[in-house]
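Reviewing the structure listed below.
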Amino acid sequence: MGTLSTEKVSDQLVEYIEREEYKGYDPYDTLNSYLPFGIIGKWGKPIAIQIQKRNPINLRPLMGIKKGYNPKAMGLLLQAYCLRFKRTQNPDCLERADWLFSWLTNNYSKGFSGYCWGYNFDWASSVKLLPAYSPTIVVSGFIAKGIRAYYELTAKPKALEVLISIGEFMDKDLAKSEDENGICISYSTVEPDCCYNASMLGAEHFAFLYTQTQEKKYKELAISCSRFVASKQLDSGCWNYSINLETRMERKQIDFHQGYVLDSLSYVCHYIPDVASEFKTAIKKGTDFYAKMQFNHEGRSYYRIPSQWPVEIHNQAQGIISFSRWGKSNEQYELAQSILEYSVTNMRSSKGFFFYKKYPWITIKIPFIRWSQAWMFLALEEFLHIKESE
């Protein structure tokens with residue numbers, strides 16, 4: 001990073017995010033365009049999304065796509081500002097956290113059992129369409145993390161009320177699948193499915209709610225979800241992405257979601273200590289795989305095992321978060337430093353924002369607000385929080 005400190009990197013990123021007023025583009029926002037991609041059949045929309053997310057030239061202004069508020073980005077920013085306030089005691093950080101919390105509670109998806117959120121764009125595959133703002137456990141789960149950080153900072157009753165309400169959405173509006181090991185909570189309200197990292201976000205949230213309410217159902221849900229996902233860990237220590245409920249075939253995609261699973265499983269153990277020994281081996285094996293197989297010695301993440309390229313900033317950010325969050329005493333803390341240094345040296349603009357993807361021959365420099373800036377802001381503040389608190 002040369003002479004540029006991590007604190008200065010975070011400061012400059014915050015300045016960029018605030019200049020943009022928390023708005024921006026997203027790798028998956030193609031269907032916010034006025035162009036009628038659907039007229040060429042069921043493949044029109046998903047193909048358009050996949051082409052656009054790989055395009056190094058930002059054509060969004062020409063396509064009528066506007067910068068917007070992304071609910072998940074707002075949740076990540078809320079969590080980051082809470083950490084930043086703890087570190088700096090700057091009242092401006094708390095004011096911005098207040099505003100973000102207010103925005104989230106005023107802009108949730110209506111018509112469900114509790115507070116919930118979705119992305120600010122339609123998303124399509126060949127078999128499924130998620131309309132804009134259709135709520136998911138992933139968007140709602142990461143917003144819950146931000147509100148949880150806000151509640152722990154401010155102790156405002158409204159924040160706890162919202163967190164309990166999110167739990168009602170997760171429990172009542174999302175389908176559950178089950179096997180002999182436990183349950184898996186569906187990704188969205190559209191159809192039943194089984195995505196490991198998504199269900200673990202639910203487990204983490206239920207575990208937190210148990211600490212606040214002592215309601216037995218939250219503990220049972222958290223443990224059951226955790227046992228289901230732990231049982232799907234491969235001998236190598238990694239997890240695939242999901243399992244098809246009809247064919248029982250797994251989708252093989254190993255990337256930053258490994259960090260999601262490990263973080264959530266660790267939080268379940270933190271909030272429900274009497275199950276920590278049950279998942280200790282799974283966390284250790286998973287962490288070893290994540291550190292040794294998904295990053296190289298210079299802190300460059302591999303895209304999706306076994307593919308090494310491109311380097312994607314979300315992979316980098318999650319590595320910093322996971323290997324920092326477990327503390328300076330853990331053996332991977334130096335890896336978090338290396339990932340941070342690689343990211344700042346190779347994937348950062350002189351304007352303070354972070355690039356999206358880096359190939360050996362080209363870098364996609366589009367400054368996506370959720371995928372790049374919000375995640376790296378959180379990663380920087382997680383790293384600084386551990387660095388200065390231990």
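The values are calculated or read from the model by the stated rules, or taken from the named source; none is laboratory data. Bear in mind the structure is a predicted one, so any value in this text is a computation, not a measurement. Counting neighbours? That spans all protein chains shown, and the Cβs are built from the backbone with ideal geometry, glycine included. The area values use the complete protein model at the heavy-atom level, side chains included, leaving out ligands, DNA and RNA. Shrake-Rupley method; radii C 1.70, N 1.55, O 1.52, S 1.80 Å.
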In the stretch 265-288, which residues are surrounded by fewer than 21 Cβ atoms within 10 Å (Cβ to Cβ) and more than 22 Å from THR211 (Cβ to Cβ)? THR281, LYS284, LYS285, ASP288
Within the stretch 312-334, the residues that are open to solvent by less than 10 Å² (accessible area, probe 1.4 Å), among the small types (Gly, Ala, Ser) and either over 20 Å from the mean Cα position of the chain (by Cα) or closer than 16 Å to SER10 by Cα (or both) are ALA317, SER324
Out of GLU21, GLU15, which single residue is among the charged types (D, E, K, R) and either touching a residue at least 60 places away in the same chain (Cβ under 8 Å) or crowded, with 20+ Cβ neighbours inside 10 Å (or both)? GLU15
Pair list, Cβ < 6 Å and 6+ apart or interchain, from the stretch 344-364 residues that are touching a residue at least 12 places away in the same chain (Cβ under 8 Å) to residues that are buried (at least 21 other Cβ atoms within 10 Å of the Cβ) and small (Gly, Ala, Ser): PHE354/SER372; TYR356/SER372
Considering only residues that are open to solvent by 40 Å² or more (accessible area, probe 1.4 Å) and aromatic (Phe, Trp, Tyr), look in the stretch 24-58 and name the one that is modelled with the highest pLDDT. TYR34
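Within the stretch 109-141, track down each residue that is open to solvent by 70 Å² or more (accessible area, probe 1.4 Å), part of a loop (DSSP other than H, G, I, E, B) and of a type outside the set (Val, Ile, Thr). Full working, then the answer.
Taking the stretch 109-141 as the starting set, the residues that turn out to be open to solvent by 70 Å² or more (accessible area, probe 1.4 Å) are 110-112, 123, 127, 129, 133.
Those left that are additionally part of a loop (DSSP other than H, G, I, E, B): 110-112, 127, 133.
Residues satisfying the conditions are LYS110, GLY111, PHE112, TYR133.
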Go through (1) touching a residue at least 12 places away in the same chain (Cβ under 8 Å); (2) more than 17 Å from the chain's Cα centre (by Cα); (3) open to solvent by 10 Å² or more (accessible area, probe 1.4 Å) one by one and return the number of the condition VAL229 breaks. (3)
Please enumerate the residues belonging to the stretch 365-388 that are touching a residue at least 60 places away in the same chain (Cβ under 8 Å) and of a type outside the set (A, V, I, L, M, F, W, C). LYS365, PRO367, ARG370, GLN373, GLU381, GLU382, HIS385, LYS387, GLU388
Complete set of residues in the stretch 251-297 that are charged (D, E, K, R) and more than 15 Å from TRP326 (Cβ to Cβ): ARG251, LYS252, ASP255, ASP274, GLU278, LYS292
Do the conditions hold for LEU262, that is, is it modelled with pLDDT of 95 or more, touching a helix residue (DSSP H, G or I) at 6+ places or on another chain (Cβ under 9 Å), crowded, with 21+ Cβ neighbours inside 10 Å and not aromatic (Phe, Trp, Tyr)? yes
GLN337, sole failed condition from (1) within 12 Å of PHE383 (Cβ to Cβ); (2) open to solvent by less than 50 Å² (accessible area, probe 1.4 Å); (3) in a helix (DSSP H, G or I); (4) not hydroxyl-bearing (Ser, Thr, Tyr): (2)
Only unsatisfied item for ASN197, checking (1) open to solvent by 10 Å² or more (accessible area, probe 1.4 Å); (2) not in a loop (DSSP other than H, G, I, E, B), is (1)
Which condition number does TYR150 fail, the rest of (1) of a type in the set (Ser, Thr, Tyr); (2) out of contact with any Lys or Arg (no Cβ under 9 Å at 6 or more places or on another chain); (3) closer than 20 Å to THR105 by Cβ being met? (2)
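Is it the case that some residue within the stretch 312-320 is within 15 Å of ILE254 (Cα to Cα) and of a type in the set (Gly, Ala, Ser)?
First pass over the stretch 312-320, keeping only residues within 15 Å of ILE254 (Cα to Cα): 312, 314-316, 318-319.
Of the ones still in play, those that are also of a type in the set (Gly, Ala, Ser) are 319.
Yes, the stretch 312-320 has at least one match.
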Given the conditions (1) open to solvent by less than 20 Å² (accessible area, probe 1.4 Å); (2) over 22 Å from VAL138 (Cα atoms); (3) among the charged types (D, E, K, R), report the number of the one that ASP235 does not fulfil. (1)
What is the one condition in (1) of a type in the set (Phe, Trp, Tyr); (2) free of Cβ contacts under 8 Å to residues at least 40 places away in the same chain; (3) open to solvent by 70 Å² or more (accessible area, probe 1.4 Å) that TRP103 does not satisfy? (3)
How many of the residues in the stretch 47-72 are more than 24 Å from ARG19 (Cα to Cα) and in a loop (DSSP other than H, G, I, E, B)? 1
Scanning the stretch 354-385 for residues that are farther than 18 Å from LYS53 by Cα, crowded, with 20+ Cβ neighbours inside 10 Å and more than 17 Å from the chain's Cα centre (by Cα) gives LEU384
